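Here is the structure we will look at.
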Amino acid sequence: MADALVEMREIVKTYPGVVALDAVDFTLRAGEIHALVGENGAGKSTLIRILTGAERPDRGRLLLNGREIHARSPAEAQRLGVAAVYQEINLAPDLSIAENLLLGREPRSRFGWIQWGEMRRRARQIVRSMGLEADVSAPLRDCSIALRQMIAVARAVDQRARVLVLDEPTSSLDAAETGRLFDLMRRLRAAGLGIVFITHFLEQVYAVSDRITVLRGGRCVGSHAARDLPRLALVSAMLGKAASAVAAERASTRRADCGGAARLVAKRVFRRRSIQPFDLTLRAGEVVGLAGLLGSGRTEMARLLFGVETRDGGTISINGAAMHRHSPRRSIRAGVALAPEDRRAAGLVPRLSVRDNILLALHASRGWLRRLPRRDQVALAEQFVRSLSIATPDLRRPVAQLSGGNQQKVILARWLLMEPTILLLDEPTRGIDIGAKEQVESLVADLRVRGMAIVFISGELEEVVRVSSRVVVLRDRAVVGELEGAAITAGSIMERIAGPAEGGGHA
Amino acid sequence: MRANLTRHWPLLATGVVLLALYIGAAIAFPGFRTWFQFTRLFSDNATLGLAAVGMTFVILSGGIDLSVGAVIACASMMLALLAGELAWPLWLAAPAVLAAGAAFGAGMGGLIHIFRLPPFLVTLAGMFLARGTALLLSPHKRIELGSHDSVRSLSLLHVADFTLAALIFLAAVTLSALALRWMRWGRTVYAIGSDESAARLMGLAVAPTRIGVYALSGLCAAAGGIVHVIGTQAGDASIAFLLELDAIAAVVIGGTVLAGGRGSVLGTLLGVLILAIITTIPGYVSDLDSWWTRLIIGALLLLFVSLQRVSQHWREE
């Protein structure tokens, strides 16, 4: 390929116990915007870290303009013309825009003094050439995230970067800001730069990209011109299911009778830069699955419902009580439990025993004075260990020694002990083995039958299909559809994730 | 204009407090109105001021230096030993002491940078080492210079009532302000304090800058020790006890953010003068105890820390 700017050939990178990249090829041309997509653990970040010199590959070659390079640090890669702008912008917020653009290369007099006038002039020139408007002597801290992002891009470009990596640059930008960033990207593409664009938003992938490379499980599963890759095909490539096969799959038989009392009612709830307004009614005895790609707003939705994040508008009522000044504490008192994605953050204390971990929340709710007699403690904990079939030789074993699946069940046990009426489960089966997954799934089914109202979040479509009585589909931070009963199939969910613009392209 | 005002208003607040204190003191005590008393604010607090100047650099870079008080004491002992007992000429002894202070600071900076040790602990160890060394230098914990003519004549030197100590302090402030504003090294100090990993990714010279900052703090503390010897004609291993905490207070009252990245030496000068006035006032009032000054300094410190938080909040709105 004559116009290849970057060629990565058969890149292999292993970490202890994991093959992060397994002979991945990646080609970036001059004058193209190349989207790199994939779910968590697909290997995107590792590939980028290798490209920008932050990591060295175990095997494989990296060619820039046809010449093999071995950058040992990001600074060295920058000198070679490969620059990256990360989500957490790497600039000094206390210094001015001008300094952030020119730091390390500031104009100096013969005696080494910084020439501020010249510096500001050059900075203004750079800012203008990028089509931006800003007071270059203002501290970066006072600028919007979007402007900071673009200043970081401007700095990279002004340092003669030929390859620009943008790692989720839009995740904290609103629509207008994203548009401005895209304009800048197109301008740079016209100037002949090669841009690698990483995002979780499919709309954005199609809005600016010329080519799309999909990674899954450390392998490259395809590299296509954006206009030749329909959305559905992209989604199925990311999730690893042939679209046709999925569509043919029958939904498991389920009862559609979700006529229980409304437990949680959310009306027009939204949070800026997090999720668009949505309605949700959660009834006793139903499992509502939230499906969507990573970053589609699944977790954000659960966090809003629980009151971890404050909403910018809308109303939430839980078991009939309106949540005005919503907080996790109020939610818990109203009968809600949330098991978050990250098990460590969920408050498992690794060195405490299984029993103590289970009883932790109960202690907290009873206070220090009304201690539970030891006999009752043991009985309660034993009961849960049995009913959830937590595999532990005894109750005194530290939780850290349990497998991931059993740790997850300990968390569930803790919340169930509080006897919630509403259970929010965010990726309860992530990183646990298949047997444990099935147990968690059947536990969810069991709780549903007993009248609990459950929100179930999972990145695995089949799982959502299996456990849900209703599925809410999210895309790009908005609810885009709802499926019920027999309509719930992996295929139908995938179609909604992919969006209406069947065929993709620059629609 | 408005943007400039909000940007600099922690410094303005410090200035207003200083002015109010000075005017208040001048109204209450006639002795405070004299030019001589004004210059004494600088002369009497030159050692603290020098330490605070060095501390400003350290804090701007996101670190802390707890060793300065001990380094001052150690430097004073060293100078008295070299110039007094060993009878070195002053032009040789003083630079030797300064070099030792800078080297000591650079050593701590090197440990902090290379082994990623917390500055708090490394400089705490440095504090014990320096104080111990100071005590080691003489069995009497104090070395009198006696009739050392060159030091005595230096102590009598003054320009417009500013003593040599005050002049050295003011020179340090001026040079530091210039370096922080006009030199790449100075801007790198801000960048490191603002976001170290960003500074590294921007290709800035993080290692020499960080080590240099602690070296400078050691140098300033050594200068503070020298100034003390000139003023008192003696080295003393027990002086400047916990002076580093006064220096930190002066820097923070002067508007420098403890987390690094924001602040100025000019602010530190104002902070030192505020402390100077507060500690001078009890001399004019017979029944005023020194606990009073501590209370005021504590209250001011809290006030300024809160102000910083509030102003930051406003700007982010």
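What follows draws every value from the coordinates through simple rules; no lab data is involved. As the structure is a prediction and not an experimental result, all values here were calculated from the model. Cβ coordinates were reconstructed from backbone atoms using ideal geometry, including for glycine residues, and neighbour counts include every protein chain displayed.
With K and R counted +1 and D and E -1, the other residues having a Cβ less than 12 Å from that of B:Ile192 yield a net charge of 0. About the centre of its Cα atoms, the stretch B:14-162 shows a dipole size close to 220 debye [charges on the beta carbon of Lys, Arg (+1) and Asp, Glu (-1) only; nearest 20 debye].
When the protein assembly as shown is described by a simple charge dipole with +1 on each Lys and Arg Cβ and -1 on each Asp and Glu Cβ, the residue from A:Leu348, A:Val472, B:Leu300 located farthest towards its positive end is A:Val472. Each residue of the stretch A:149-165 was assigned a 3J(HN,Hα) from its phi angle through the Karplus expression (A = 6.51, B = -1.76, C = 1.60, θ = phi - 60°), giving 4, 6, 5, 4, 4, 4, 4, 4, 5, 5, 8, 6, 5, 9, 10, 10, 9 Hz with x at Gly and Pro.
Amide H contacts under 5 Å for B:Met183: A:Ile114, restricted to partners 5 or more places along the chain or on a different chain, H placed in the peptide plane at 1.01 Å from N. Each principal axis of the Cα atoms in the stretch B:1-130 has its own extent, and those three values, largest first, are 48, 40, 25 angstrom. Convex hull of alpha carbon positions in the protein assembly as shown: directionally averaged projected area 43.6 nm².
At most 13 other Cβ atoms within 10 Å plus a DSSP loop assignment makes a site exposed; report the longest stretch of chain A without any exposed chymotrypsin sites (Phe, Trp or Tyr not before Pro).
Result for the longest clean stretch: A:112-367.
This model, with +1 at the C-beta of Lys and Arg and -1 at the C-beta of Asp and Glu, gives the protein assembly as shown a dipole about its Cα centre of some 840 debye. For B:Met202, no residue has an amide H sitting under 5 Å from its own, ignoring neighbours fewer than 5 places away on the same chain, with H placed 1.01 Å from N.
In this calculation the C-beta distance from A:Arg56 to A:Val221 is compared with R0 = 22 Å, giving a FRET efficiency of 0.35.
Each of A:Asp394 and B:Ser150 was given a label point 7 Å from its Cα along the Cα-to-Cβ line. The distance between the two points is 7.9 nm. For A:Thr178, B:Thr256, the sequence from fewest to most other C-beta atoms within 10 Å is A:Thr178, B:Thr256. Considering only B:Ala221, B:Ala103, B:Ala179, the mean-square fluctuation computed in a Gaussian network model of chain B, springs between alpha carbons under 10 angstrom, is largest for B:Ala179. Rounded to the nearest 20, the size of the Cβ-charge dipole of the stretch B:218-317 about its Cα centre is 260 debye, with Lys and Arg at +1 and Asp and Glu at -1. Please identify the trypsin sites (Lys or Arg not before Pro) of the stretch A:1-106 that satisfy two criteria: DSSP loop assignment and at most 16 other Cβ atoms within 10 Å. Which are they? Those satisfying the criteria are A:Arg72, A:Arg105.
For the segment A:88-97, counting C-beta atoms of other chains within 10 Å of every residue's C-beta and taking the mean gives 6. Most tightly packed first, judged by the mean number of other beta-carbon atoms within 10 Å of their residues, the peptides A:167-177, A:295-305 read A:295-305, A:167-177.
Scaled to the compact-protein estimate 2.2 N^0.38 Å, what is the alpha-carbon radius of gyration of the stretch A:1-153, rounded to two decimal places?
On the way: Rg = 18.6 Å, N = 153, 2.2 N^0.38 = 14.9 Å.
Compactness ratio reported: 1.25.
Exposed loop sites here are trypsin sites (Lys or Arg not before Pro) assigned a DSSP state other than H, G, I, E or B and surrounded by at most 15 other beta carbons within 10 Å; excluding them, the longest clear run of chain B is B:142-317.
Helices in the protein assembly as shown, meaning DSSP H runs of at least 4 residues, each add -39500 (n - 2.57). Divided by all residues, the mean residue ellipticity at 222 nm is -15500 deg cm²/dmol.
Bridging of A:Lys44 to lysines at a Cα separation below 16 Å is possible for A:Lys13, once same-chain residues fewer than 8 apart are set aside. With the cut-off at 1.5 for a/c, could you classify chain B from its C-alpha gyration tensor as rounded, prolate or oblate? It is oblate, given that a/c is not under 1.5 and a/b is not larger than b/c. Taking square-rooted eigenvalues a ≥ b ≥ c of the alpha carbon gyration tensor, is the stretch A:349-419 rounded, prolate or oblate, where a/c under 1.5 means rounded and, failing that, a/b exceeding b/c means prolate? Here the stretch A:349-419 falls in the prolate category.
Of the chymotrypsin sites (Phe, Trp or Tyr not before Pro) in the stretch B:218-291, the ones in a loop by DSSP (not H, G, I, E or B) with at most 16 other beta carbons within 10 Å are B:Phe241.
The mean number of partner chain beta-carbon atoms within 10 angstrom of a residue's beta-carbon across peptide B:191-197 is 5.
To the nearest 10 degrees, how steep is helix A:434-449 against the longest Cα principal axis of chain A, on a 0 to 90 scale? Once rounded, the angle reads 60 degrees. 3J(HN,Hα) along the stretch A:57-71, derived from phi through the Karplus expression 6.51 cos²θ - 1.76 cosθ + 1.60 where θ = phi - 60°, amounts to x, 6, 9, x, 10, 10, 10, 10, 6, x, 10, 5, 10, 9, 6 Hz, with x in place of Gly and Pro. Along the stretch B:162-170 the Karplus relation, 6.51 cos²θ - 1.76 cosθ + 1.60 evaluated at θ = phi - 60°, assigns HN-Hα couplings of 6, 6, 4, 4, 4, 5, 4, 4, 5 Hz to successive residues, with x for each Gly and Pro. Using the Cβ-Cβ distance between A:Ala176 and A:Thr315 with R0 set to 22 Å, the FRET efficiency from 1/(1 + (r/R0)^6) comes to roughly 0.20. Cut-off under 19 Å on the C-alpha distance; same-chain residues fewer than 8 positions from A:Lys437 excluded. Which lysines are left, in chain and number order? Once the sequence-local lysines are set aside, what remains near A:Lys437 is A:Lys409.
Annotation: amide H of A:Gly43 within the under-5 Å range of A:Gly218, sequence separation 5 or more or interchain, hydrogens built in the peptide plane.
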